[in-house]
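The values are calculated or read from the model by the stated rules, or taken from the named source; none is laboratory data. Bear in mind the structure is a predicted one, so any value in this text is a computation, not a measurement. When we count neighbours, we look across all protein chains shown, and the Cβ atoms used for this are built from the backbone with ideal geometry, even at glycine.
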Amino acid sequence: MGDEAPKDQHYLIDLEPKPNWAPQDLTENRLGRISSNQRRRLWTKDVVKTALSMFLILFGLVGLFAGFADRISARATGGAAVAVMLGCVLAWGSARLWIDLLRGRALAISGDFQTTEKVDGRDTDYYLVVGSHRWELAESFVRQVVKGPGVVYQLPLTQTILSLETTGGEVTEGRSR
(Lines give C-alpha, C1' and ligand atoms only; values in the text may rest on other atoms or scores of the structure.)
Protein backbone atom coordinates (compact mmCIF):
# COMPACT_ATOMS: atom_id res chain seq x y z
CA MET A 1 0.00 0.00 0.00
CA GLY A 2 2.68 2.54 0.99
CA ASP A 3 2.49 6.22 0.05
CA GLU A 4 0.80 5.80 -3.34
CA ALA A 5 -2.19 8.04 -4.01
CA PRO A 6 -5.37 6.21 -5.00
CA LYS A 7 -6.09 6.21 -8.74
CA ASP A 8 -9.34 8.12 -8.25
CA GLN A 9 -7.58 10.93 -6.37
CA HIS A 10 -9.12 14.27 -7.33
CA TYR A 11 -6.87 17.15 -8.25
CA LEU A 12 -8.31 20.64 -8.15
CA ILE A 13 -6.92 23.60 -9.99
CA ASP A 14 -6.90 27.10 -8.51
CA LEU A 15 -8.45 29.46 -11.08
CA GLU A 16 -7.66 32.53 -9.01
CA PRO A 17 -4.24 34.10 -8.38
CA LYS A 18 -4.94 33.77 -4.66
CA PRO A 19 -6.80 30.69 -3.45
CA ASN A 20 -10.52 31.44 -3.13
CA TRP A 21 -11.65 27.87 -3.55
CA ALA A 22 -13.69 26.05 -0.93
CA PRO A 23 -14.67 22.35 -0.91
CA GLN A 24 -18.35 23.38 -0.88
CA ASP A 25 -17.84 24.98 -4.34
CA LEU A 26 -17.02 21.64 -5.92
CA THR A 27 -19.81 19.87 -4.03
CA GLU A 28 -22.36 22.39 -5.34
CA ASN A 29 -20.93 22.23 -8.88
CA ARG A 30 -21.22 18.44 -8.88
CA LEU A 31 -24.92 18.89 -8.04
CA GLY A 32 -25.30 21.23 -11.03
CA ARG A 33 -25.42 24.43 -8.98
CA ILE A 34 -23.29 27.51 -8.43
CA SER A 35 -22.08 27.86 -4.83
CA SER A 36 -22.88 31.03 -2.90
CA ASN A 37 -19.13 31.69 -2.66
CA GLN A 38 -18.74 31.52 -6.47
CA ARG A 39 -21.83 33.66 -7.03
CA ARG A 40 -20.57 36.35 -4.63
CA ARG A 41 -17.09 36.35 -6.22
CA LEU A 42 -18.48 36.67 -9.77
CA TRP A 43 -20.97 39.41 -8.80
CA THR A 44 -18.17 41.36 -7.12
CA LYS A 45 -15.90 41.07 -10.16
CA ASP A 46 -18.68 42.24 -12.48
CA VAL A 47 -19.85 45.25 -10.45
CA VAL A 48 -17.19 47.59 -11.89
CA LYS A 49 -18.02 46.60 -15.48
CA THR A 50 -21.73 47.06 -14.82
CA ALA A 51 -21.20 50.47 -13.22
CA LEU A 52 -18.98 51.57 -16.12
CA SER A 53 -21.53 50.44 -18.68
CA MET A 54 -24.32 52.34 -16.90
CA PHE A 55 -22.15 55.46 -16.69
CA LEU A 56 -21.31 55.29 -20.41
CA ILE A 57 -24.94 54.78 -21.39
CA LEU A 58 -26.20 57.64 -19.18
CA PHE A 59 -23.36 59.97 -20.19
CA GLY A 60 -23.92 59.12 -23.84
CA LEU A 61 -27.68 59.65 -23.65
CA VAL A 62 -27.21 63.05 -22.04
CA GLY A 63 -24.77 63.91 -24.83
CA LEU A 64 -27.17 62.71 -27.51
CA PHE A 65 -30.04 64.77 -26.09
CA ALA A 66 -27.76 67.81 -25.91
CA GLY A 67 -26.67 67.19 -29.50
CA PHE A 68 -30.22 66.90 -30.73
CA ALA A 69 -31.03 70.17 -28.95
CA ASP A 70 -28.03 71.81 -30.74
CA ARG A 71 -26.25 72.39 -27.40
CA ILE A 72 -23.04 70.57 -28.48
CA SER A 73 -21.14 70.03 -31.71
CA ALA A 74 -21.74 67.19 -34.15
CA ARG A 75 -18.37 65.68 -33.19
CA ALA A 76 -19.37 65.61 -29.51
CA THR A 77 -22.72 64.09 -30.44
CA GLY A 78 -20.88 61.36 -32.35
CA GLY A 79 -18.71 60.74 -29.29
CA ALA A 80 -21.86 60.44 -27.18
CA ALA A 81 -23.25 57.88 -29.62
CA VAL A 82 -20.03 55.86 -29.35
CA ALA A 83 -20.27 56.02 -25.54
CA VAL A 84 -23.81 54.63 -25.66
CA MET A 85 -22.76 51.80 -28.00
CA LEU A 86 -19.74 50.90 -25.87
CA GLY A 87 -21.89 50.99 -22.75
CA CYS A 88 -24.41 48.66 -24.41
CA VAL A 89 -21.68 46.18 -25.37
CA LEU A 90 -20.38 46.12 -21.79
CA ALA A 91 -23.92 45.84 -20.42
CA TRP A 92 -24.65 42.88 -22.73
CA GLY A 93 -21.69 40.96 -21.33
CA SER A 94 -22.79 41.73 -17.79
CA ALA A 95 -26.41 40.83 -18.51
CA ARG A 96 -25.40 37.39 -19.76
CA LEU A 97 -23.34 36.78 -16.61
CA TRP A 98 -26.16 38.00 -14.37
CA ILE A 99 -28.63 35.68 -16.13
CA ASP A 100 -26.23 32.79 -15.49
CA LEU A 101 -25.87 33.76 -11.84
CA LEU A 102 -29.61 34.23 -11.31
CA ARG A 103 -30.36 30.83 -12.83
CA GLY A 104 -27.72 29.32 -10.55
CA ARG A 105 -26.89 26.36 -12.81
CA ALA A 106 -23.46 24.82 -13.31
CA LEU A 107 -22.91 22.75 -16.43
CA ALA A 108 -20.57 19.76 -16.27
CA ILE A 109 -18.44 18.94 -19.31
CA SER A 110 -16.42 15.77 -18.98
CA GLY A 111 -13.72 14.26 -21.12
CA ASP A 112 -9.96 14.13 -21.52
CA PHE A 113 -8.13 17.33 -20.58
CA GLN A 114 -5.65 18.55 -23.18
CA THR A 115 -3.75 21.81 -23.33
CA THR A 116 -2.76 23.72 -26.45
CA GLU A 117 -1.16 27.01 -27.22
CA LYS A 118 -1.41 29.39 -30.15
CA VAL A 119 1.53 31.67 -30.93
CA ASP A 120 0.74 34.89 -32.76
CA GLY A 121 3.86 37.01 -33.10
CA ARG A 122 4.93 37.88 -29.57
CA ASP A 123 1.66 36.76 -27.97
CA THR A 124 0.91 33.22 -26.90
CA ASP A 125 -2.62 32.15 -25.99
CA TYR A 126 -3.08 29.07 -23.81
CA TYR A 127 -6.13 26.82 -23.99
CA LEU A 128 -7.72 23.99 -22.09
CA VAL A 129 -9.48 21.62 -24.50
CA VAL A 130 -12.07 19.01 -23.52
CA GLY A 131 -13.66 17.31 -26.51
CA SER A 132 -15.08 20.04 -28.75
CA HIS A 133 -14.95 22.68 -25.97
CA ARG A 134 -12.07 25.13 -25.59
CA TRP A 135 -11.35 27.77 -22.94
CA GLU A 136 -8.61 30.37 -22.98
CA LEU A 137 -6.77 30.47 -19.66
CA ALA A 138 -3.70 32.21 -18.32
CA GLU A 139 -0.48 30.28 -18.76
CA SER A 140 -0.12 29.78 -14.99
CA PHE A 141 -3.52 28.06 -14.85
CA VAL A 142 -2.92 25.90 -17.92
CA ARG A 143 0.35 24.68 -16.42
CA GLN A 144 -1.62 23.30 -13.45
CA VAL A 145 -3.78 21.08 -15.64
CA VAL A 146 -3.44 17.35 -15.13
CA LYS A 147 -3.80 15.71 -18.53
CA GLY A 148 -6.32 12.89 -18.55
CA PRO A 149 -9.99 12.44 -17.70
CA GLY A 150 -11.74 15.23 -15.88
CA VAL A 151 -14.72 17.55 -15.56
CA VAL A 152 -15.05 21.27 -16.23
CA TYR A 153 -17.89 23.00 -14.39
CA GLN A 154 -18.96 26.17 -16.20
CA LEU A 155 -21.78 28.69 -16.47
CA PRO A 156 -24.09 27.88 -19.43
CA LEU A 157 -24.32 31.26 -21.22
CA THR A 158 -20.94 32.87 -20.59
CA GLN A 159 -19.02 29.58 -20.39
CA THR A 160 -17.16 31.00 -17.39
CA ILE A 161 -15.26 28.18 -15.68
CA LEU A 162 -16.35 27.68 -12.08
CA SER A 163 -14.08 24.76 -11.22
CA LEU A 164 -12.02 21.98 -12.76
CA GLU A 165 -11.66 18.48 -11.46
CA THR A 166 -9.30 15.88 -12.85
CA THR A 167 -8.80 12.28 -11.90
CA GLY A 168 -5.68 10.29 -12.62
CA GLY A 169 -3.23 11.42 -15.25
CA GLU A 170 0.00 13.25 -14.60
CA VAL A 171 0.66 16.83 -13.61
CA THR A 172 1.99 18.66 -16.68
CA GLU A 173 3.81 21.28 -14.61
CA GLY A 174 3.14 23.43 -11.59
CA ARG A 175 1.00 22.46 -8.66
CA SER A 176 -2.15 20.42 -8.22
CA ARG A 177 -3.99 19.67 -5.05
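Give the residues of the range 35-71 that are surrounded by fewer than 17 Cβ atoms within 10 Å (Cβ to Cβ) and either over 33 Å from the mean Cα position of the chain (by Cα) or polar (S, T, N, Q) (or both), sorted by residue number.
Across the range 35-71, the qualifying residues are S36, N37, T44, F65, A66, F68, A69, D70, R71.
Which residues, counting only those in the range 132-156, are modelled with pLDDT of 90 or more, farther than 23 Å from Q24 by Cβ and outside any strand (DSSP E or B)?
S132
Just the residues that are hydrophobic (A, V, I, L, M, F, W, C) and part of a strand (DSSP E or B), please, taken from the range 99-131.
L107, A108, I109, F113, V119, L128, V129, V130
Is it the case that the range 80-102 has a residue that's of a type in the set (V, I, T), at pLDDT 85 or above and within 19 Å of Q38 (Cα to Cα)?
yes
Among the numbered criteria (1) at positive phi; (2) at pLDDT 85 or above, which single criterion is violated by D70?
Condition (2) is where D70 drops out.
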